[in-house]
1. Can you bin every Cα-Cα distance in the stretch 158-259 into 5 Å intervals starting at zero and give me the percent of pairs per bin, rounded to whole numbers?
2. Find the all-direction average of the projected area of the Cα convex hull for the stretch 126-168, expressing the result in square nanometres with one decimal place.
3. Please compute, over every Cα-Cα pair in the stretch 1-137, the percentage with a separation greater than 20 angstrom.
4. If I model a spin label at Lys194 and Arg216 as a point 7 Å from the Cα along the Cα→Cβ vector, what separation in nanometres do I get?
5. What distance in nm separates the two pseudo spin-label positions at Gln203 and Ile101, each 7 Å out from Cα along the beta-carbon direction?
6. Stretched out fully, how many nm does the piece from Thr148 to Tyr168 gain, at 0.36 nm a residue minus the Cα gap?
7. For the stretch 111-180 and the stretch 187-259, what is the centre-to-centre distance using only Cα atoms, to the nearest Å?
8. In the chain, how many lysine pairs have Cα atoms under 20 Å apart, counting only pairs 8 or more places apart or on different chains?
Amino acid sequence: MSGLLAGKKAFITGSSRGIGKATALAMAREGADVVIHYRRAVEEAEKTVAEVRALGREALLVKAELESQDEINAAFDVIEKEWGILDIFMANAAASAFKTIDQLKDYHIDRTYRVELHSTVFAVQRAVPLMKNGGRIITMSSMGSTYTLPRYATLGTAKAALESLTRYLAAELGPKGITANALNPGVVDTESAKFYGGQNYHQYNADVIAHTPLGRVGTVEEIADVAVFLASNLSRFITGQVIRVDGGLTLSTGGFESF
Ligand SMILES: NC(=O)c1ccc[n+]([C@@H]2O[C@H](COP(=O)([O-])OP(=O)(O)OC[C@H]3O[C@@H](n4cnc5c(N)ncnc54)[C@H](OP(=O)(O)O)[C@@H]3O)[C@@H](O)[C@H]2O)c1
């Protein structure tokens, strides 16, 4: 691929590390200028900015706790002031408490939903007026939206709502030339996957690989490549869809024995 996103401006939440960082770099390689966003990992975010600039692309750095509408607005104030235009918005960041339903407190549900759902609505409200030439919205779901995973009810239900929101965005924003699609990765080798797996991570990984026809977990670059496709003109007639990128993990009904 080359130049698929030439001249485009992209904002990817949670791009200090993991899938978000890989996507920012993949989009920069395809010619996009990118906003690198973080909450706490300032050093990793600054490193990502440097990597984007080394690719010859422009990078803005914004910090925002996505639970806060004020901080989301402050980040968009920077984009509006610096660029005044945006072509691609990717709601990638997520954080959650992995607990069984009997352990959930009000704030666990509240914080997860704020980061997943509320922040996407508030960000889109600011992104759309900047998408003056049409645009692309990409949300980040997970297999927990459809399948039950251990200790995953909070994030899984939030992801299900996010997929639904994506369809509503597609319906409402289509007339403005804006598409909205969700990516649904299987298991990808990142910090959050390690956090979820905890002490059982290696056994969990082995289980996942055993259930995956392509025989491995995904890499961040493999998710980023599909995000580039969805952000590009190649995907122009796709909207309101959930795109699974999981090596076939969700094709079988096998359980995760390590849990
Ligand atoms: N990894 C997987 O196996 C997998 C599978 C399916 C779906 N996904 C989804 O893919 C997306 C990225 O996952 P990942 O594994 O790449 O995650 P990650 O490595 O844990 O990175 C999470 C990113 O989100 C940011 N973030 C977290 N909470 C935030 C908050 N409250 N406000 C603002 N930013 C916040 C983090 O910022 P800081 O660095 O500053 O903390 C970081 O940049 C998530 O939506 C996740 O649910 C992942």
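Taken together, the values in this text are just the output of simple stated rules run on the coordinates, not laboratory data. Quick caveat: nothing in here was measured; it's all calculated off a predicted structure. In this analysis, Cβ positions are derived from the backbone assuming ideal geometry, glycine residues included, and neighbour counts consider all displayed protein chains.
1. Using 5 Å bins, I get a P(r) of 2, 12, 18, 19, 18, 13, 9, 5, 2, 0 for the stretch 158-259.
2. Details: hull surface 14.1 nm².
One quarter of the hull surface, i.e. the mean projection, equals 3.5 nm².
3. Summing the P(r) tail past 20 Å for the stretch 1-137 gives 44 percent.
4. About 1.8 nm, to one decimal.
5. If labels sit at Gln203 and Ile101, their model points lie 2.5 nm apart.
6. Values: separation 20, 0.36 × 20 = 7.20 nm, distance 2.38 nm.
Length gained, Thr148 through Tyr168: 4.8 nm.
7. 18 Å
8. Lysine pair count for the chain: 21.
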